[in-house]
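Read the structure below first, then the notes.
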Protein chains: 2
Amino acid sequence: MSHYTEHAISILKAQGYRITRPRKLVLELLDTAPTALSAYEIKDALDAAGEKVDTVSVYRILECFDQQGLIHRVLSSGKVKKCLLDDESHCQRQQTEHCHHLLICQQCQGIEEVHCAGVDALVQTLQSQLSFQIKAHHLEFTGLCQRCQTEESEGKD
Amino acid sequence: MSHYTEHAISILKAQGYRITRPRKLVLELLDTAPTALSAYEIKDALDAAGEKVDTVSVYRILECFDQQGLIHRVLSSGKVKKCLLDDESHCQRQQTEHCHHLLICQQCQGIEEVHCAGVDALVQTLQSQLSFQIKAHHLEFTGLCQRCQTEESEGKD
DNA sequence: TTCACTGCAAACCTTTTGCAATTCT
DNA sequence: AGAATTGCAAAAGGTTTGCAGTGAA
């Protein structure tokens, strides 16, 4: 069992959630998914793997995972991706603000998570200039991942 | 007719679009709307004003406006808001990147647009550290607008 | 007059709700 | 055993598609 799945399970247990078969299946799928997935895509992927999980359950499971900070929700698509769980800082981040800086490849839909240091300073500066009280921010970059850049410059077919 | 509506119409005309009654109605509604609106909300608002416009048409109109950079799409809700049309820079912005920094009040759902200077520098710095090629970014802040802050500290009912 | 655009009907996809059956602990 | 969770059925909500009719240029 991967670190992600293992850690997610320990968080769920600590919060009093039950570790059910569908929850484990979704965790394992999210762990290996290279891109973000919608509830439907998760259902289909599990079906394809011969595992029957109802779509409604997927929705409810994702809601639970979201609340526990185990997944990201990509704003631009509504799909979800596993959140890199950083043992020490996970709980604090969850309380103040979830890590929300995503690189989304417009070609292959792959998603990388970045911890972009300057953002906090930027938010503070901006906050000092505004009467609006900032509580959270969401930052998403779209563009081309390394692989798709090289493919674009090579394969002109 | 407001500056926004006027300017939007001139852009549409320049692109060869027809200035129809439904398009004008949607423009005028967006111009005065204090918050972002969904296609359904636009339809309902027009109905309430005694103007019949089909929901399907609203969808198609918004798609057109979006392509022409006349509106913002709020990622976190999918709703749309008029984009401040800045005469000189509108065309360039549209080509490179649309202004996408929004302050969203979680209480009243009001939306303000900010031109947050530091972001461009931040993006450049980030770009220099990544192999990912950034083409656009979306930045949304959630929190409390000035009005809702004071209401929260006063009215404890 | 002509073609873009709208309105209507219907289909489609996504998400939510209620309740009985299941299954973790 | 007991409560949380799932699966099923059904409804509700949002968005898209095709086509005939309308109206802006």
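Per-residue answers, yes or no, for (1) closer than 27 Å to A:Q106 by Cβ; (2) within 15 Å of DNA strand C (Cβ to nearest atom); (3) without any contact (Cβ under 8 Å) to a residue 12 or more places away in the chain:
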site	(1), (2), (3)
A:H7	no, no, no
A:L27	no, yes, no
A:L37	yes, yes, no
A:V53	no, yes, no
A:V56	no, yes, yes
A:I61	no, yes, no
A:Q68	no, yes, no
A:L75	yes, yes, no
If you take the residues in the range A:126-144 that are farther than 12 Å from B:L103 by Cβ and of a type in the set (S, T, Y), which one is modelled with the highest pLDDT? A:S128
Checking B:A33 against (1) within 13 Å of DNA strand D (Cβ to nearest atom); (2) among the small types (G, A, S); (3) closer than 27 Å to B:S76 by Cβ, which single condition isn't satisfied? (1)
Which residue pairs have Cβ atoms closer than 7 Å, lie 6 or more positions apart in sequence or on different chains, and pair a first residue in the range B:13-25 that is among the basic types (K, R) with a second residue that is near DNA strand C (Cβ under 6 Å from one of its atoms)? B:R23/B:I61
Which of the residues spanning the range A:46-83 are farther than 19 Å from A:E113 by Cα and touching a Cys at 6+ places or on another chain (Cβ under 9 Å)? none
Just the residues that are surrounded by 13 or more Cβ atoms within 10 Å (Cβ to Cβ), more than 7 Å from chain B (Cβ to nearest Cβ) and farther than 30 Å from B:Q109 by Cβ, please, taken from the range A:118-157. A:R147, A:C148, A:E151
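The values are calculated or read from the model by the stated rules, or taken from the named source; none is laboratory data. Here the structure is a predicted model, which means the values were calculated and not measured. Cβ sites come from the backbone with ideal geometry, for glycine too, and all protein chains shown count toward neighbours.
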